[in-house]
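> The structure follows.
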2 protein chains.
Amino acid sequence: MTAYTPGQAAEETGFSLDTLRYYERIGLLEPIERNAVGQRRFSDDDIGWLGMIRCLRDTGMPIAEMLRFAELTREGAHTIRDRIALLEAHDRAVENQIAALRQKQGAIQRKIRYYRDVLAIPDALYACEGERASAS
Amino acid sequence: MTAYTPGQAAEETGFSLDTLRYYERIGLLEPIERNAVGQRRFSDDDIGWLGMIRCLRDTGMPIAEMLRFAELTREGAHTIRDRIALLEAHDRAVENQIAALRQKQGAIQRKIRYYRDVLAIPDALYACEGERASAS
DNA sequence: GTGGCACCTGGAGCGTGCTCCAGGTCAAGC
DNA sequence: GCTTGACCTGGAGCACGCTCCAGGTGCCAC
């Protein structure tokens, strides 16, 4: 079982040192092991947990909900159903997020096409025309 | 050409009254027309522009960049190439965002499957096993 | 003429999620 | 023995994007 210095943990997980400390402070990480002089030593488990945290963060889960998940995890195996429920809800949220992005992206692409068309026709035709409309 | 009261504009665009005023203040909207007593009357063009703004916001464009886009738009037709470039860059950003979401979503779904498996096997087997690993 | 309502302004405040800072400890290298 | 560098703590500060507030105007209905 490897032990990671804070610097290595930051490197490994992509979180900053400050963020790692912050996450421990708010209880998103349980207290990290310390060496003889009080410096943190992250375990493989910590790094794995941080990987999960990164997934949830990067998919837009608010910290409050990750805290809830962390609590459930700390409470032990009898909360597994709750954790599944939480993750499934989040999975659906991510799905909706993606669908919404795709839809808005379509509108943006239409706008790009509109601009291209404007460039393709002679100046006179688009001079004063209400080009700000469209989209949504 | 319809004129929308602030309330109607809010209704129509999904932005709050405060947000509409805020957007005007910071120059994301050009100054909105006023009626005789100084109340705003949004035009169809304003509503269309707000639709565009909503697209960009909802796909994660920061306000500073929307301001840049608004400026280009105000500067007239000769900035259309720049606007295309800006929107194309954003389109790619959205694409990357979606790809990243899909990838993280995969990890979350694997975690869900993992939990399901844990539920499916007899208690003894998962009692003290490092279940916090995986993900990323 | 009194309420109630929709709106106005400038400016303060807020929630989220970090990020930075001052002042300190230890270990290693020169 | 001194510097450098990685780390420590508690607490303040910050960027972003709104959101709220106090105090006021004008219009309409009763």
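> Can you pull out the residues in the range B:52-75 that are of a type outside the set (Ser, Thr, Tyr) and open to solvent by less than 20 Å² (accessible area, probe 1.4 Å)? Break it down stepwise before answering.
Going through the range B:52-75, the residues of a type outside the set (Ser, Thr, Tyr) turn out to be B:52-58, B:60-72, B:74-75.
Passing the criteria: B:52, B:53, B:55, B:56, B:61, B:66, B:69, B:70, B:72.
> Pull up the range B:33-51, narrow it to residues that are within 16 Å of DNA strand C (Cβ to nearest atom) and within 11 Å of chain A (Cβ to nearest Cβ), then point me to the one that is least open to solvent (accessible area, probe 1.4 Å). Give the derivation first.
Within the range B:33-51, the first condition is being within 16 Å of DNA strand C (Cβ to nearest atom), and the residues that meet it are B:33-43, B:46-47, B:50.
Checking which are within 11 Å of chain A (Cβ to nearest Cβ) leaves us with B:43, B:46-47, B:50.
Working: B:43: 24, B:46: 18, B:47: 26, B:50: 1 Å².
The residue in question is B:50.
> Considering only residues of the range A:52-79 that are aliphatic (A, V, I, L, M) and within 12 Å of DNA strand C (Cβ to nearest atom), which is nearest to residue A:96 (Cα to Cα)? Give the derivation first.
Taking the range A:52-79 and keeping what is aliphatic (A, V, I, L, M), we get A:52-53, A:56, A:61, A:63-64, A:66-67, A:70, A:72, A:77.
Those left that are additionally within 12 Å of DNA strand C (Cβ to nearest atom): A:53, A:56, A:61, A:63-64, A:66-67.
Details: A:53: 20, A:56: 15, A:61: 13, A:63: 19, A:64: 20, A:66: 19, A:67: 22 Å.
It comes out as A:61.
> Within the range B:1-32, work out how many residues are within 14 Å of chain A (Cβ to nearest Cβ), open to solvent by 40 Å² or more (accessible area, probe 1.4 Å) and either assigned to a loop (DSSP other than H, G, I, E, B) or within 8 Å of DNA strand C (Cβ to nearest atom) (or both).
The number of residues fulfilling the criteria is 4.
> Here's a check for you: in the range B:76-106, which residue that is in contact (Cβ under 8 Å) with a residue 24 or more places away in the chain and surrounded by fewer than 19 Cβ atoms within 10 Å (Cβ to Cβ) is nearest to the other protein chains (Cβ to nearest Cβ)? Please lay out each step first, then the result.
So the first thing to find is which residues in the range B:76-106 are in contact (Cβ under 8 Å) with a residue 24 or more places away in the chain, and the list is B:90, B:93-94, B:97.
When the remaining residues are screened for being surrounded by fewer than 19 Cβ atoms within 10 Å (Cβ to Cβ), the result is B:93, B:97.
Values: B:93: 10, B:97: 6 Å.
The qualifying residue nearest to the other protein chains (Cβ to nearest Cβ) is B:97.
The values are calculated or read from the model by the stated rules, or taken from the named source; none is laboratory data. Remember, predicted model here, so these are calculated numbers, not experimental data. We place every Cβ from the backbone using ideal geometry, glycine too, and count neighbours over all the protein chains shown. Ligands, DNA and RNA are excluded from the accessible area calculation, which covers all protein heavy atoms including side chains. Shrake-Rupley method; radii C 1.70, N 1.55, O 1.52, S 1.80 Å.
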